[in-house]
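Got a structure for you, questions after.
The values are calculated or read from the model by the stated rules, or taken from the named source; none is laboratory data. For clarity, every value in this text was computed on a predicted model and none was experimentally measured. Every residue, glycine among them, receives a Cβ derived from its backbone with ideal geometry; neighbour counts consider all protein chains shown.
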């Protein structure tokens, strides 16, 4: 505890040595048009420094104190001195030197993709165009905002080097095709999108785009933004072909600009099964219907921060005993609302740290929002275990990534797991009641391709991938697909009814009673919520979870043999019970890195990381120095993968040699 306190003090001093002055705009009770101005303004002014923080402008639905708690964290740990502004014109005047004018629009125009949604489509169009031209969106009828309202504005190109061109800054003009009143609102919005796809997309971000309601993050990153969705949550055919074709135009732009490189999609995908469609194009999804990501992204952090946490124990020191090892996982880890929203507020619980749990996180969001990542690592206890959901890259399906995208996906996955020291993954795919169907040439399946998933897990050194998949038996480990997979399905452990803790206790006890030990049980993948939340049936708070755990421990028949564990301990003990290695030999030298591990078929999986791709020689010797394998490897990229087969089991010496490369590692094959 003393060590943690000293680290916090040094962190606080480091930031306060050069205090940051910034503005908070309080959007409580403000007009939606004013909130949109603030969102756009934050995206613009936060590009190179944290200048504008938003309070209650677009807060995550899962925890309504998200903005307030982060604001306090930035004050106390980040050393920020905030000035609060509540008047939108005053905010505009404060940052007037950063903006080039206003994009005006008709604020009366709305469109709905589905029942319950209604958004001002021309306002969002103005915000996207404003992000590309450093202008703010202002209703054409607004006379309060003191800002220049030009007829046209210069549109630069920050990504492709094209010449700056003028575009209309008045979206409400009747001369525009999207203002033809003979058209329906959908036709008018689609007319805008068609124009934007032709004229704006070629000047937008080449590695990411935004789907659904616009935010400061979309503005900040100069993403192409389109608000399209199906009429239903899960029926993937409810996204019309016309909408899908527009989304595909954006994905094709990213594929063309950065071929074979994983791209990122932010916002929300409705219907959710079409996340598979995005993955099949080479993308990873991130649910980010919230604000302040532009602030979190740019806030300065300790570049030498060590992403260690108390739960990241030494696997060699974990003792496998005759016990029942039980794990609970907090759901929604792939979603920004949970990553940014203090895990539905549960992270702020005074009970946190008293019971071992697994917290799901999106490691790609940790990479993009490092202050958020460092907060979780600084405040984590030994009982706060971390897992990547649903991949380290975000909400994605590596079993359907295009083959040409796999090297990039593997390299980035390994880099994220290495940096954040997280090597267990929670994956799920269960959104097609028909089993398997085709959507625009893409297979949408209710099940993983286990061979593809297992190989990806194996080649990225995921120590365990936990699944919810109805095609496999429940509470069972699988090693025949490559990497270690552990499935739980249709046994009241996935979003189960937690409303009656006595019923839950009896359900868990019955799964363990009379079973041989050691035994492993994934007992619940549930939404964790803040302590005083009004709970849905599948929600649970940490105090209620502690009550449940205590009740199970007090069971006279099995309680003494039950141990609730973190995912780190669950993973290492499970691997030991199966006779699998819990370590990966790594050799590093002057920026060169070699990772080696043995799979279930006595093959060696190599990951070589060099400054540039080259031809190298692979040699394997036995301990007596006898050469038993020699082959050449013509690397296709600087971070490349290769599988080699060594006929016998045992301990060997592996050598990789090339131009200015000479790496040697002792390896154990077939352990």
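Could you grab me the full set of residues in the stretch 350-377 that are farther than 25 Å from residue 295 by Cβ and surrounded by fewer than 23 Cβ atoms within 10 Å (Cβ to Cβ)?
The answer is 350, 351, 353, 354, 355.
Next question. What about residue 514, is it at positive phi, surrounded by fewer than 18 Cβ atoms within 10 Å (Cβ to Cβ) and touching a residue at least 12 places away in the same chain (Cβ under 8 Å)?
It is false that residue 514 is at positive phi, surrounded by fewer than 18 Cβ atoms within 10 Å (Cβ to Cβ) and touching a residue at least 12 places away in the same chain (Cβ under 8 Å).
Just name the residue that is nearest to residue 107 (Cα to Cα) out of those in the stretch 117-145 that are loosely packed, with under 15 Cβ neighbours inside 10 Å and at pLDDT 95 or above.
141
Of the residues 313, 329, which single one is modelled with pLDDT under 95 and either crowded, with 22+ Cβ neighbours inside 10 Å or farther than 27 Å from residue 496 by Cα (or both)?
Residue meeting the stated conditions: 313.
Of all residues in the stretch 452-476 being surrounded by fewer than 19 Cβ atoms within 10 Å (Cβ to Cβ) and touching a residue at least 40 places away in the same chain (Cβ under 8 Å), which is farthest from residue 327 (Cα to Cα)?
452
Something else now. Can you name every residue in the stretch 221-246 that is in a helix (DSSP H, G or I) and surrounded by 23 or more Cβ atoms within 10 Å (Cβ to Cβ)?
Within the stretch 221-246, 236 is the sole residue that qualifies.
How many residues are surrounded by fewer than 20 Cβ atoms within 10 Å (Cβ to Cβ) and assigned to a helix (DSSP H, G or I) if we restrict to the stretch 378-405?
Number of matching residues: 4.
For the stretch 202-220, how many residues are buried (at least 19 other Cβ atoms within 10 Å of the Cβ) and not in a loop (DSSP other than H, G, I, E, B)?
10
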